[in-house]
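J.: For reference, the structure I am asking about is given below.
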Amino acid sequence: LSSASAWYLATINYTWQDKIDLAKKILKQDIVTDILARYPAIESDAEAISLVTNPEIFAIASDMKTLNLIYADLANSGYNQLYQAKADYYAQRYSNEKDKAMSAMRLAGYEGDTIGSRAFFGGSIVK
């Protein structure tokens, strides 16, 4: 035995910020992929994202992707059917919300006004 204390104060971060950030990256890439498929004249990812005029319509899809990632992580940390079911549910909701937003999206120079994409992809719209 030692005279040194065996106790150590550990701090735990309970936030899901890493999942929020990852969801935004995944959503951004999915949007780029959809735009490039929809508009073959657009040649780069940067050009595709720069054309998004109403990024706030993707906020719900981003939230659904975040929940999907959180529940998938929880399900993988010791299989739990409830967590897996929720992960599957939110994956489907993400797909539906993204598709719905893509249908409603307007692109600068193609169908509407210009707002810019920085507000959403910079992190100020999704909590």
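The values are calculated or read from the model by the stated rules, or taken from the named source; none is laboratory data. Everything quoted here is computed from the prediction, not taken from an experiment. Here Cβ is always computed from backbone atoms with ideal geometry, including for glycine, and neighbour counts include all displayed protein chains.
J.: Can you find, within region 29-88, the residue that is farthest from Met102 (Cα to Cα) among those that are of a type in the set (Phe, Trp, Tyr) and in a helix (DSSP H, G or I)? Give the steps one after another, and end with the answer.
T.: Going residue by residue through region 29-88, those that are of a type in the set (Phe, Trp, Tyr) are 39, 58, 71, 79, 83.
If we keep only those that are in a helix (DSSP H, G or I) too, we end up with 58, 71, 83.
Working: Phe58: 8, Tyr71: 25, Tyr83: 28 Å.
Result: Tyr83.
J.: Okay, moving on. Checking the structure you have, find out if any residue of region 2-17 is within 29 Å of Asp73 (Cβ to Cβ), surrounded by 10 or more Cβ atoms within 10 Å (Cβ to Cβ), at pLDDT below 90 and out of contact with any Lys or Arg (no Cβ under 8 Å at 6 or more places or on another chain).
T.: yes
J.: Restricting attention to region 90-103, does a residue exist that is touching a helix residue (DSSP H, G or I) at 6+ places or on another chain (Cβ under 8 Å) and farther than 18 Å from Asp34 by Cβ?
T.: yes
J.: Would you be able to say whether some residue in region 42-62 is touching a Lys or Arg at 6+ places or on another chain (Cβ under 7 Å), surrounded by 14 or more Cβ atoms within 10 Å (Cβ to Cβ), modelled with pLDDT under 90 and among the hydroxyl-bearing types (Ser, Thr, Tyr)?
T.: Yes, some residue in region 42-62 is touching a Lys or Arg at 6+ places or on another chain (Cβ under 7 Å), surrounded by 14 or more Cβ atoms within 10 Å (Cβ to Cβ), modelled with pLDDT under 90 and among the hydroxyl-bearing types (Ser, Thr, Tyr).
J.: Taking the options Leu51, Leu82, name whichever one is in contact with a strand residue (DSSP E or B) (Cβ under 6 Å, 6 or more places away or on another chain) and farther than 15 Å from Leu22 by Cα.
T.: So the residue among Leu51, Leu82 that is in contact with a strand residue (DSSP E or B) (Cβ under 6 Å, 6 or more places away or on another chain) and farther than 15 Å from Leu22 by Cα is Leu51.
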